[in-house]
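Q: Can you read through this structure? Questions will come right after.
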Amino acid sequence: MDNEVWDFYTGYEGEGEIQFIQILDSGNRNIIRIWDGYFDDIMEKIEPEASGWTGLAYCYNLVVGWYDESPWKIPNTIKALQQIKQTEKAEFRFQESKRVTEEICNLLSNAIDNDNVVYIARE
């Protein structure tokens, strides 16, 4: 099985790691490994909707989803992509967060285009 891995975690071993895992039709996986500092930086830029937190931001801010069950299937990949995309022009604490955002958007877009499932794992 050939898995494609984008690594934004090396150098942070021993600290929290988040993985976005796209399951391809072939059974292979595309994986983005992220230091949780980058992930926090991105998630903190998502604004609540008029009705409150929704999607990934809901899970992040209420500490549910991948915090309870890992790996956790993203229930609405389109909503997840919309939320991550809204951070693309944000001023991040860490310069690398912008590149991480782009790669997450690429993975989610690819998953949507190919009707693939995406999981988030907390390591």
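Q: What three numbers, in Å, describe the spread of the alpha carbons of the chain along their principal axes, ordered from the longest?
A: Rounded to whole Å, the extents work out to 42, 32, 28 Å.
Q: Using protein chains only and a probe of 1.4 angstrom, how many square angstrom of residue 70 are accessible, to the nearest 10?
A: Its accessible surface works out to 60 Å², give or take rounding.
Q: Next question, about the same structure. Let me have the 222 nm mean residue ellipticity of the chain computed from DSSP H runs of 4+ only, each contributing -39500 (n - 2.57), with the sum over all residues rounded to the nearest 500.
A: -10500 deg cm²/dmol
Q: Spelling out what I want: for every residue of segment 93-98, take phi, set θ = phi - 60°, compute 6.51 cos²θ - 1.76 cosθ + 1.60 (Karplus), and round to whole Hz; glycine and proline get x.
A: Using θ = phi - 60°, the values come out as 5, 10, 4, 5, 4, 4 Hz.
Q: In whole Hz, with x marking every Gly and Pro, tabulate ³J(HN,Hα) for segment 59-64 from phi via Karplus 6.51 cos²θ - 1.76 cosθ + 1.60, θ = phi - 60°.
A: Taking θ as phi minus 60°, the curve returns 4, 5, 6, 9, 6, 10 Hz for segment 59-64.
Q: Quick check on segment 1-58: what are the equivalent-ellipsoid semi-axes from the Cα gyration tensor, as sqrt(5λ), descending, whole Å?
A: So the equivalent ellipsoid measures 26, 18, 7 Å along its semi-axes.
Q: Residues with beta-carbon under 10 Å from that of residue 16, excluding residue 16: net charge, scoring Lys, Arg +1 and Asp, Glu -1?
A: -4
Q: Further, regarding this structure: Using θ = phi - 60° and the Karplus curve 6.51 cos²θ - 1.76 cosθ + 1.60, what whole-Hz ³J(HN,Hα) does each residue of segment 37-50 get, with Gly and Pro shown as x?
A: x, 5, 4, 4, 4, 6, 5, 5, 8, 7, 8, x, 7, 4
Q: Could you please report the charge total around residue 5, scoring K, R as +1 and D, E as -1 over all other residues with beta-carbon less than 9 angstrom from its beta-carbon?
A: For residues surrounding residue 5, the net value is 0.
Q: Under the rule a/c < 1.5 gives rounded, and otherwise a/b versus b/c splits prolate from oblate, where does segment 76-123 land using the Cα gyration tensor?
A: Because a/c hits 1.5 or more and a/b exceeds b/c, segment 76-123 counts as prolate.
The values are calculated or read from the model by the stated rules, or taken from the named source; none is laboratory data. Remember, predicted model here, so these are calculated numbers, not experimental data. Heads up, the Cβs are rebuilt from the backbone with ideal geometry, glycines too, and the neighbour counts pull from every protein chain shown. Protein only, heavy atoms only, side chains kept; ligands, DNA and RNA dropped before computing areas. Shrake-Rupley method; radii C 1.70, N 1.55, O 1.52, S 1.80 Å.
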